[in-house]
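Scroll down for the structure; my scribbles are underneath it.
The values are calculated or read from the model by the stated rules, or taken from the named source; none is laboratory data. Computed from a prediction, not measured in an experiment: that's the story for all the values here. Here the Cβ is made from the backbone with ideal geometry for all residues, glycine too, and neighbour counts use every protein chain on show.
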Amino acid sequence: MFALSEAYPDLKADGNIQTLMEELTSTENKIGFARQSYNDSVMRYNILCEEFPSAIIAGMFQFKQATLFEIENQVERETVKVSFD
Amino acid sequence: LNFFRDQEIAKKKTRKLVYLFLVSVIATGAVLTFVIGIVLNSYMQGDGGQYQSANDSSGALFVLFCIICGTIVLATLYKISSLGKGGEYVAELLGATPVKRENSDPDLKKYINIVEEMSIASGCPVPKIYIMENETGINAFAAGYEIDDCIICVTRGAIEKLSRDELQGVVAHEFSHIFNGDMKLSIKLIGYLFGLLILTQVGRVLMHASGRSSRRSKDGNGIVFVGVAFFVVGGVGYFLGSLIKSSISKQREYLADASAVQFTRNPFGIGGALLKINKLIEGSTIMANKAEEVSHLFFGAPMKMNFASHPSLENRLKRIYPNKKWKEIEQMEVTYPEREVPDPQKEKKEVNNIFNNDALKIATAGTVLSSLSSRKEHIGEITEDNVKAAKNILDSIPQSIKGKIQTTDGAKLIILSFFNGASDFKDSWRYAIFEVALGTLSELSKNEKMELIKKAKKLVLEDQLITPSEFILYYIVKKRLLNERGFYEKKVSHEDAESSLVTLVNFARGGLNNDNYKFKPGEVSKALEMLSRSSLSVKEKALNKLIDVVNEDEEITVLEEEFIRLVCQGFRVPFPL
């Protein structure tokens, strides 16, 4: 998509394409930020589980460590391709 | 991870400072009690007060301490309640305008998207989005007492001068303030400071009062000392409190910067924004008058000489780029986004598009509830002719006027020109211009609307005489802009409806052909109000009757048409073209 607009400079100036690019960027960001926010929370939670004094409570009620959200599948990791066929 | 550590440090420091602050407030009360106790004690002993036992005086001191602390707490609560009015109040105060969530402006769309992204990254609900259109400096603020009634606002300058990443950094910084509850904290601190300030005021009052009474008797001496004690101790407490408050505020800024890096995972976003503020002459300056009152809310210091609430840009940048020296940071390149020069041809096309829409709107107005309309031959569907006629009218309006009524400022002028008689539009344009201008003005905030209506009222009352045409115009504007409707509308009795109709018929007969007709505006508007609340069949009968009255002389003047339009407006019934 971005390569396409590089190849055709006129495309870049077009309002619709700009809107589309903005929407694509934003959507990708939103997915990324959601993942990041989840992982940050997991990290905070895990640290609290190990740290004094909250660790006492965690130990008493047997809180388990949470797992981070990770993508193993290579295909899912790639950025979305957009084509105009 | 460096930014998590930074946040931890900033949070710990604020916690310490807040304790220090509370201790200093209580200490002020304690010291004050102690000083007053000494003063009173020595005064009483000088008076030969040997009957005072030690037990008594310590009890009295305790009561005094409670009274002083009570005063501080009461003043604090008062100030907090007056400040905790929510974010929209602050936004209106600073002249910010709300941004619609569905927006076709690419810049605003970008801004809205960024706000949504950051709300995901920080896990806060999406706040109400505002923009300060007239500010060219780079700045932003968040306001609101609770996390779910917050607002976020940036300046036009920030949107235009910052790249997407930088704007994201700025918005992330504001989200951190929302996330960490900084607004709540600073409102509380301001409240306590106000409590201490009240002590100095009490002292001043006591000094004045005793100054007067001491001329008459010597009893006033003790009160003078008490007054001085209040003033001095309160003043010192206030000064220390302000110092602590400003360092808390600075810590919160560091915390917000570090959180911005956490949310965006991109130090160059917020770093670039701060650098641009540093490099540009306008920097983060805010022009709005009231900005100083809420300077603690802003992203960058809104005044050039304001270091009380914000750390210097140098220190903030050094923390964001911990591995770089200030010299290196200063020399980092900043790039400004390219801005398209607006294409006049394209703009013209857009304006025309908007006008086609308006033509359609005006034409459609005639279709619904058409059995009420007088033009019985035009009733029913929107015909091609209807749209064409409306479009023709709109097309015939010169471009210069069209451009004006699309902006709120221009529309205001046009509406007012109808009142002072300066408008000399062709009759066929009058309604179209009026209608489109009112449509534009519906975007205004409530305060702005009220102001416009007030101005119109002033113009109407200027010549001490309300003519029927002025009355009709004013009433339409008021009705359209305010769109008031009660929760519960009382049913109108048959007799009331009947008598209201008589009033209107009389007004239509007498007033519409004679500009000097004497009538009571209150009565006519009350009659309109009455009828608008009656049932649909009554409205239909009334409208038909009025149309017949207007039609009696087989000719419909502009004023008559406007009158019928007003009635339709009052009845919430569309009127055909």
Legend entry - Identity of the residue in the range B:143-156, at pLDDT 90 or above and surrounded by 22 or more Cβ atoms within 10 Å (Cβ to Cβ), that ends up nearest to B:Met287 (Cα to Cα): B:Thr155
Legend entry - Pairs, first within 12 Å of B:Ile415 (Cα to Cα) in the range B:439-458, second among the aromatic types (Phe, Trp, Tyr) and at pLDDT below 75, C-beta under 7 Å, six or more apart: B:Ala456/B:Phe419
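Tell me, which residue of the range B:129-142 that is surrounded by fewer than 19 Cβ atoms within 10 Å (Cβ to Cβ) and within 18 Å of the chain's Cα centre (by Cα) is nearest to the other protein chains (Cβ to nearest Cβ)? Steps first, answer last, please.
Of the range B:129-142, the ones surrounded by fewer than 19 Cβ atoms within 10 Å (Cβ to Cβ) are B:133-134, B:136.
Retained after the next criterion (residues that are within 18 Å of the chain's Cα centre (by Cα)): B:133-134.
Working: B:Glu133: 21, B:Asn134: 25 Å.
Among those that are surrounded by fewer than 19 Cβ atoms within 10 Å (Cβ to Cβ) and within 18 Å of the chain's Cα centre (by Cα), it is B:Glu133.
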Legend entry - Failed condition for B:Arg164, given (1) within 22 Å of B:Ile80 (Cα to Cα); (2) surrounded by fewer than 24 Cβ atoms within 10 Å (Cβ to Cβ): (1)
Inset, instruction - Tally the residues that are surrounded by 14 or more Cβ atoms within 10 Å (Cβ to Cβ), more than 14 Å from chain B (Cβ to nearest Cβ) and either without any contact (Cβ under 8 Å) to a residue 12 or more places away in the chain or hydroxyl-bearing (Ser, Thr, Tyr) (or both), restricting the search to the range A:30-75. - result: 3
Inset, instruction - Could you look through the range B:316-337, keep only residues that are part of a helix (DSSP H, G or I) and without any contact (Cβ under 8 Å) to a residue 12 or more places away in the chain, and pick out the one that is surrounded by the fewest Cβ atoms within 10 Å (Cβ to Cβ)? - result: B:Lys327
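Yes or no: the range B:265-279 includes at least one residue that is of a type in the set (D, E, K, R), more than 14 Å from chain A (Cβ to nearest Cβ) and over 20 Å from B:Leu317 (Cβ atoms).
Taking the range B:265-279 as the starting set, the residues that turn out to be of a type in the set (D, E, K, R) are B:265, B:276, B:279.
When the remaining residues are screened for being more than 14 Å from chain A (Cβ to nearest Cβ), the result is B:276, B:279.
Next cut, over 20 Å from B:Leu317 (Cβ atoms) only: none.
Checked the range B:265-279: no residue is of a type in the set (D, E, K, R), more than 14 Å from chain A (Cβ to nearest Cβ) and over 20 Å from B:Leu317 (Cβ atoms).
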Inset, instruction - May I ask you to list pairs of residues, at least six apart or on different chains, whose Cβ atoms are under 6 Å apart, with the first in the range B:521-541 being in contact (Cβ under 8 Å) with a residue 60 or more places away in the chain and the second being of a type outside the set (A, V, I, L, M)? - result: B:Lys539/B:Phe571
Inset, instruction - Mind listing whichever residues of the range B:121-166 are in contact with a Gly (Cβ under 7 Å, 6 or more places away or on another chain), over 25 Å from B:Lys184 (Cα atoms) and part of a helix (DSSP H, G or I)? - result: B:Gly157, B:Asp165, B:Glu166
Inset, instruction - Select, from B:Val154, B:Val126, the only residue that is within 14 Å of another protein chain (Cβ to nearest Cβ), within 30 Å of A:Gln36 (Cβ to Cβ) and touching a helix residue (DSSP H, G or I) at 6+ places or on another chain (Cβ under 9 Å). - result: B:Val126
Inset, instruction - Quick one: count up the residues across the range B:89-119 that are in contact (Cβ under 8 Å) with a residue 12 or more places away in the chain, under 26 Å from A:Lys30 (Cβ atoms) and more than 13 Å from chain A (Cβ to nearest Cβ). - result: 6
Legend entry - Of residues in the range B:83-101 being touching a Gly at 6+ places or on another chain (Cβ under 9 Å) and in a helix (DSSP H, G or I), the one modelled with the lowest pLDDT: B:Leu83
